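Working notes, structure below.
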Amino acid sequence: MYVSIPHAQGEYGHALRELRRGIGCTPDRLSESTLLERTLRERIESRGEEVTADRLIMELTHLIDSIGDPKFRESLLVALRLDLRYRQRTLMERRRNYNRDLRNSPDSEMRRLHVDNLRTMERRENKATEQVARYLDDGLQVSDRAHLRDFPLRPIAPQGELAVEAISYSCAFSDTGVLRTQDVTRWVRATSPQTSPELTVTHRYFNENKTGLLDIESLYGCRVVERSETVSGDLLARISIHKDLAPTDGVYSFGSRISVNSDATCRPVIVWRPRTSFTRRIEFHLRFGEPHLPVRAWWFVSSQEVEGELEPPPSEGRHLEHLDEGRYLYRIFENEDITPDLRYGISWVWPG
């Protein structure tokens, strides 16, 4: 059956399909589509916000991120090079590396997204472009939580899995801005009498995109039973705690340490994403070495970590106080401030 597609919607779809080619979505390539750039610009201006190249790309990222089905949403983010884990310069490389990571993921939900034929990946991207094109044609304004409203959140962790009730990051930076260590404390509880004592965690270094950057060790209360890397350098680890928890046991805490093998200055962002509504507290503690101290810093809650790197105006009140003569920053999120699948973190500006 033939379905008529509005002219503008068809142009949006064509522009998005063109954007995924080669290096993906960049400000220069976005400007080549006059209609798409103008529409994104008008959406930003309608909210009284300043239009910049970064905000144009972030507006498009918001629209894609509002797609509820991850097999469509994530495929298009990867194809357009908007997923920071996949920065390869060709579309085929991005697809291939993303699909390889899906196949090797320790997360069964992620493995189910793996495909045998990359043409299937292309069809997923096309489905996502159609949905974004409809959003643009309809003038739909989506918020950070749009897809969370359309698709119900998991109210608790899946039965049999440990739920993270609180997490604390303590990060130590060198005098050149390299993240040397990241100590992580997790407070977990059982979700059923048959809860597994194991938890799968993922860590990423925000700068380099290669393997061999990260390692993990136990500090207390657990042991690392398996570790692996993605082709983009993400560290995947399976951690087993020292106790078989039951729901009546309450909260159990354990600690691990991430070590970074790099000389590259860290991209100025630290972020964590809660997966279930069990999470009640998120802490960030950042210690810096002189003379490489942050000039300004702010906290954020967003659907994409790249959005958190956009400095807010002072009127929003999100800038952080610099303590210990600029060597220490912290931020604590608690209770009703926390929503599953949003990103929570701190970003800052390095000195010139």
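The values are calculated or read from the model by the stated rules, or taken from the named source; none is laboratory data. All figures in this text were calculated on a predicted structure; none of them were measured in a lab. Cβ atoms come from the backbone with ideal geometry, glycine included; neighbour counts cover every protein chain shown.
General observations
- Total residues in region 285-306 satisfying the condition of being assigned to a strand (DSSP E or B), hydrophobic (A, V, I, L, M, F, W, C) and touching a Gly at 6+ places or on another chain (Cβ under 6 Å): the figure is 1.
- Close pairs (6 angstrom Cβ cut-off, 6 or more residues apart or separate chains): among the basic types (Lys, Arg) in region 328-352, surrounded by fewer than 19 Cβ atoms within 10 Å (Cβ to Cβ) and modelled with pLDDT under 95 anywhere: Arg343/Arg273
- Residue that is nearest to Asp175 (Cα to Cα), among those in region 321-352 that are over 19 Å from the mean Cα position of the chain (by Cα) and not in a loop (DSSP other than H, G, I, E, B): Tyr328
- Qualifying residue in region 59-69 (condition: aliphatic (A, V, I, L, M) and in a loop (DSSP other than H, G, I, E, B)): yes
- Yes/no for Arg186 being within 27 Å of Leu293 (Cα to Cα), assigned by TED's automatic domain parsing to the domain that holds Leu286 and in a strand (DSSP E or B): no
- Qualifying residue in region 222-239 (condition: within 22 Å of Pro193 (Cα to Cα), without any contact (Cβ under 8 Å) to a residue 60 or more places away in the chain, touching a strand residue (DSSP E or B) at 6+ places or on another chain (Cβ under 7 Å) and in a loop (DSSP other than H, G, I, E, B)): no
- Residues (modelled with pLDDT under 90 and out of contact with any Asp or Glu (no Cβ under 8 Å at 6 or more places or on another chain)) located in region 46-62: Ser46, Arg47, Gly48, Glu49, Glu50, Thr52, Ala53, Asp54, Ile57, Glu59
- Within region 27-56, if we keep just the residues that are closer than 21 Å to Gln9 by Cβ and among the aliphatic types (A, V, I, L, M), the residue that is nearest to the chain's Cα centre (by Cα) turns out to be Leu56.
- Some residue of region 191-209 being more than 23 Å from Tyr86 (Cβ to Cβ), in contact (Cβ under 8 Å) with a residue 12 or more places away in the chain, basic (Lys, Arg) and surrounded by 14 or more Cβ atoms within 10 Å (Cβ to Cβ): no
- Top-ranked residue of region 277-304 - restricted to ones that are over 15 Å from the mean Cα position of the chain (by Cα) and of a type in the set (S, T, N, Q), ranked as nearest to Pro314 (Cα to Cα): Thr279
- Here is the figure for region 120-144: residues that are of a type in the set (D, E, K, R), at pLDDT below 85 and loosely packed, with under 15 Cβ neighbours inside 10 Å total 1.
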